[in-house]
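Would you mind keeping the following structure in view while I ask a few things?
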Amino acid sequence: MCSTLNHPICGCVTRLLGKGDNEQADKKASTSLFSGLLVEAIIIIGIMVFLDPVLTSLGSTETILPYARVYIKIYVTGLIINVFTVMMNNLLTAQGAAKFIMIAMVTESIANVLLDPIMIYGMDLGIGGAVIATFISLCINMAAKPYGDYTVAAMGAAARIMTGCNLCCFWT
């Protein structure tokens, strides 16, 4: 859902950055990010309130429903980080930082592959361990991105507020 809000803005941000209008790019990217996070927060609340009907409408049977509940309760709680990561991927790609998005996504995938068996079997967390490993991997993805001055040019206050970082640019 949030990508639907985010993708059109990315093209606009790219054009604005190309024209050198960083202030407008800041505003559009920040509005896109915060709008997406707000919409996703509403969706998360809706899913948590109507959890069983949502799971059964998606095909969960009585046998699978307890496992699906465990997984979804943890996953939906951390979904805001997933949304932020996806939206940042789109906005960073719009700035020409696709190489760093690729590195962050590969790092996330490797972390998930390594953490899954540790959390599921080593820590005996079962299906909950799988979703916790996914959540940790998403956090690693978020941390692996360069949030520098160049990013702040497109993200404006959103990048500073959401990441707390103001690092120097890695790809200029």
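Is it the case that Asp52 is in contact with a Lys or Arg (Cβ under 8 Å, 6 or more places away or on another chain), farther than 30 Å from Gly11 by Cα and not aliphatic (A, V, I, L, M)?
yes
Residues Ile103, Ile45: which one is within 18 Å of the chain's Cα centre (by Cα), modelled with pLDDT of 90 or more and part of a helix (DSSP H, G or I)? So that I can check it myself, show each step before the final result.
Details: Ile103 fails: modelled with pLDDT of 90 or more.
Exactly one of Ile103, Ile45 is within 18 Å of the chain's Cα centre (by Cα), modelled with pLDDT of 90 or more and part of a helix (DSSP H, G or I), namely Ile45.
Tell me whether the stretch 75-91 contains one or more residues that are more than 15 Å from the chain's Cα centre (by Cα), touching a residue at least 12 places away in the same chain (Cβ under 8 Å) and either crowded, with 18+ Cβ neighbours inside 10 Å or over 25 Å from Phe50 (Cβ atoms) (or both). It would help to see each step written out before you state the result.
Let us first name the residues in the stretch 75-91 that are more than 15 Å from the chain's Cα centre (by Cα), namely none.
For the stretch 75-91, residues more than 15 Å from the chain's Cα centre (by Cα), touching a residue at least 12 places away in the same chain (Cβ under 8 Å) and either crowded, with 18+ Cβ neighbours inside 10 Å or over 25 Å from Phe50 (Cβ atoms) (or both): absent.
Of everything in the stretch 36-63, what is free of Cβ contacts under 8 Å to residues at least 40 places away in the same chain, touching a helix residue (DSSP H, G or I) at 6+ places or on another chain (Cβ under 7 Å) and within 15 Å of Asn82 (Cα to Cα)? Give them in sequence order.
Correct list: Val39, Ala41, Ile44.
To continue, here is another question. Quick check on the stretch 61-70. Is at least one of its residues closer than 21 Å to Cys139 by Cα and assigned to a helix (DSSP H, G or I)?
Yes, the stretch 61-70 contains a residue that is closer than 21 Å to Cys139 by Cα and assigned to a helix (DSSP H, G or I).
Okay, moving on. Can you name the number of the only condition in (1) over 23 Å from Ile132 (Cα atoms); (2) loosely packed, with under 14 Cβ neighbours inside 10 Å that Gly46 fails?
(1)
Another question, then. Quick one: would you say Ser109 is part of a loop (DSSP other than H, G, I, E, B) and over 25 Å from Leu17 (Cβ atoms)? I'd like the intermediate steps shown before the answer.
On the way: part of a loop (DSSP other than H, G, I, E, B): no; over 25 Å from Leu17 (Cβ atoms): yes.
When the stated conditions are applied, Ser109 does not pass them.
To continue, here is another question. Quick one: would you say Ala94 is in contact with a Leu (Cβ under 9 Å, 6 or more places away or on another chain), in contact (Cβ under 8 Å) with a residue 60 or more places away in the chain, among the hydrophobic types (A, V, I, L, M, F, W, C) and under 30 Å from Gly20 (Cβ atoms)? I'd like the intermediate steps shown before the answer.
On the way: in contact with a Leu (Cβ under 9 Å, 6 or more places away or on another chain): yes; in contact (Cβ under 8 Å) with a residue 60 or more places away in the chain: yes; among the hydrophobic types (A, V, I, L, M, F, W, C): yes; under 30 Å from Gly20 (Cβ atoms): yes.
It is true that Ala94 is in contact with a Leu (Cβ under 9 Å, 6 or more places away or on another chain), in contact (Cβ under 8 Å) with a residue 60 or more places away in the chain, among the hydrophobic types (A, V, I, L, M, F, W, C) and under 30 Å from Gly20 (Cβ atoms).
The values are calculated or read from the model by the stated rules, or taken from the named source; none is laboratory data. Being a predicted model, the structure only gives us computed values, none of them experimental. Cβ sites come from the backbone with ideal geometry, for glycine too, and all protein chains shown count toward neighbours.
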